[in-house]
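For reference, the structure discussed in these notes is given below.
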Amino acid sequence: MDTEDPSAPSRAQSAPADNPTRTRRHGGGITHDNTRHTTRFVVIGNHLVQHKDLSLLAIGLGCHLQSLPTGAGADIKSLAARFPEGPTRIAAALRELEAHGYLRRERHRTQTGRIVTRTVSCNQPHADRRREPADTGCPPAKRTPPPPRRTVHKALPAVPQPSSTAPTLLQQALDLLATLRRHDSRLLLSATDTAHLVPGVAAWLERDVAPGAVRHALTTDLPDEPLRRPAALLAHRLTDRLPPPPPFRTPSAAVPPPRHPLQNCEGCDRGFRAPEAENRCRDCRTAGVIA
């Protein structure tokens with residue numbers, strides 16, 4: 001019977017539970033055959049690639065996002081088209097990265113007024129962004145100021161449209177709008193706003209509303225505070241207070257001229273039509289006057 005060596009381990013020693021990546025020192029485990037990268041590489045922190053709470057899919061997706069150039073597609077649809085995991089698993093991995101500070105989503109308004117969502121990949125979660133940069137001896141990089149935000153106004157409300165586009169009617173409406181500022185200086189309109197409101201005023205005028213009545217409806221009972229968009233207020237009033245069309249009038253029938261009886265002229269015996277009191281034709285009456 002063989003004698004057991006008390007110095008030899010009785011069973012294989014497992015890796016410590018608190019660090020499953022550590023291995024025994026008898027030659028097992030991973031080794032590295034590394035070549036120094038000089039182009040097309042990205043620096044990834046061990047805090048991400050060895051994260052204890054992130055799934056393998058989240059770690060790989062986090063590395064992929066940090067390697068993408070600025071402006072590349074990083075939404076679920078773009079990533080699902082790139083990888084075989086599918087949108088459900090990719091969405092779950094993105095939520096993991098967001099929960100641990102490796103990802104955040106920000107909503108921005110573009111210069112055209114559209115709201116877009118930007119995905120920001122963070123290589124140092126919870127880093128203090130307020131700290132001063134280290135002194136490297138190099139001049140600080142010149143920051144490009146952000147473009148000024150352009151104020152985008154909503155479109156003016158629609159106004160009633162006239163059934164007639166006669167130049168005289170439209171010119172009368174234009175002249176009425178141009179004089180509103182004389183009644184209230186806040187109603188100074190731009191050329192663009194005036195062109196938008198002209199059809200609405202013309203629709204009132206063609207409904208037999210006098211220009212003074214239109215002006216009264218637009219300028220009375222205005223709010224006391226400054227008018228931010230007077231054209232929008234006028235457009236609302238032109239639509240909300242539009243009077244009904246005038247009552248329909250049956251055109252009067254034309255009265256035919258009277259038909260006088262036919263008789264013979266006593267002067268030339270020529271037949272003519274005239275009231276019974278006339279006994280001579282027109283030529284004979286004219287000749288008698290001349291004579």
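Derivation of every value follows stated rules applied to the coordinates shown; laboratory data play no part. All values derive from a computational prediction rather than experimental measurement. No Cβ is skipped: glycine too gets one built from the backbone with ideal geometry, and neighbour counts run over all protein chains shown.
Below, the figures for the structure above:
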quantity: Net length gained if the chain between Val42 and Ala195 were fully extended (0.36 nm per residue, minus Cα distance); calculated: 49.4 nm
quantity: Between segment 41-68 and segment 194-253, the Cα center-to-center distance that results, in Å; calculated: 65 Å
quantity: Separation of the Gln50 and His126 label points, Cα + 7 Å toward Cβ, nm; calculated: 1.8 nm
quantity: FRET E, pair Asp221, Ser163, Förster distance 30 Å, beta-carbon r, rounded to 0.05; calculated: 0.55
quantity: Computed FRET value (nearest 0.05) for Arg109 with Ser185, which takes r as the C-beta separation and R₀ as 35 Å; calculated: 0.60
quantity: Virtual spin-label span in nm between Ala155 and Gln263, 7 Å along Cα→Cβ; calculated: 7.5 nm
quantity: Cα-centred dipole magnitude for segment 175-291, charges only on beta-carbon of K, R (+1) and D, E (-1), debye, nearest 20; calculated: 120 debye
